[in-house]
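Student: The structure that follows is given in the form of structure tokens.
No lab work stands behind these numbers, since they all come straight from the coordinates. This is a predicted model, so every value here is computed, not measured. When we count neighbours, we look across all protein chains shown, and the Cβ atoms used for this are built from the backbone with ideal geometry, even at glycine.
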Amino acid sequence: MITSLAGARLALRTFFTFPNPVNEYAARSVAAMVFTLALITIVADVRWLTWVLAYGFLARVLTGPKASPMGQLATRVIAPKILRRSRPVAGPPKQFAQMVGLAFSIASIALIYGFGLIGPGYVVLGVLVLFAGLEAFLGFCMGCFVFGYLMRWGVVPAEICERCSDIYFEPDSRLI
């Protein structure tokens, strides 16, 4: 019983972890899907998709790609089989970027469903479209950029991402 309980705890702890390092091409693939979904939400006025966006961000913040359909598609199909590329980058800045995306999608939901402010809700989603597009198509992660400044200012402790300041780090052979 104790062994199975310890095993269950370990399984949960393993499931609820964000990978470090992550494959930048998988992250950019997820960003392209977020870009597309958020743009469709705005252009086609499909408000309920904001909930899908929020779920995806929450799943990725808590588990990395494990509980995210977009994350699974990016890590299992797009990056390894279609793009056939891998570039390891630090995980904590990418997790922070997912938290920012979660905050934007929740803000959009609050504006649209909580206050009936569809236009402002779509403006918030528009900012998400911009940030996701920068990541997907130019490789510039705004959340990672902000994370770097938060580390420099001492808001994020250096222990959170020791590799973030070491541009020459050798990643683990396991990329998720």
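Student: Just report the Cα centroid separation between the stretch 129-143 and the stretch 1-75, whole Å.
Tutor: If you average the Cα positions of each part, the centres end up 17 Å apart.
Student: Here's a follow-up. Take the chain, connect every pair of alpha-carbon atoms lying under 10 Å apart with a spring to form a Gaussian network, then pick out the residue of Y113, Y55, Y122 with the largest mean-square fluctuation.
Tutor: Greatest mean-square fluctuation among the candidates belongs to Y113.
Student: Kindly provide the helix-only [θ] at 222 nm of the chain, computed as the sum of -39,500 (n - 2.57) over DSSP H runs of four or more divided by all residues, to the nearest 500 deg cm²/dmol?
Tutor: Mean residue ellipticity at 222 nm (helix-derived): -18500 deg cm²/dmol.
Student: Looking only at A44, A31, A103, which one moves most when the chain is put into a Gaussian network model with springs between Cα atoms under 10 Å?
Tutor: A44
Student: Projected onto the charge dipole of the chain (+1 at Lys/Arg Cβ, -1 at Asp/Glu Cβ, origin at the Cα centre), which of L39, L10, L130 gives the Cα projection farthest towards the positive end?
Tutor: Farthest towards the positive pole: L10.
Student: Using Cα-only point scatterers and the Debye equation, what is log10 of I(q)/I(0) for the chain at each q in 0.09, 0.20 Å⁻¹, rounded to two decimals?
Tutor: -0.34, -1.32
Student: Name the most mobile residue of P80, P19, P93, meaning the one with the largest mean-square fluctuation, in a Gaussian network model of the chain with Cα contacts below 10 Å.
Tutor: Maximum fluctuation in the GNM of the chain, among the listed residues, is at P80.
Student: Just rank V52, V89, fewest to most, by other beta-carbon atoms within 10 angstrom.
Tutor: Going from sparsest to densest Cβ surroundings: V52, V89.
Student: Place a point 7 Å from the Cα of L12 along the Cα-to-Cβ direction; which residues of the stretch 92-116 have their backbone N under 13 Å from it?
Tutor: none
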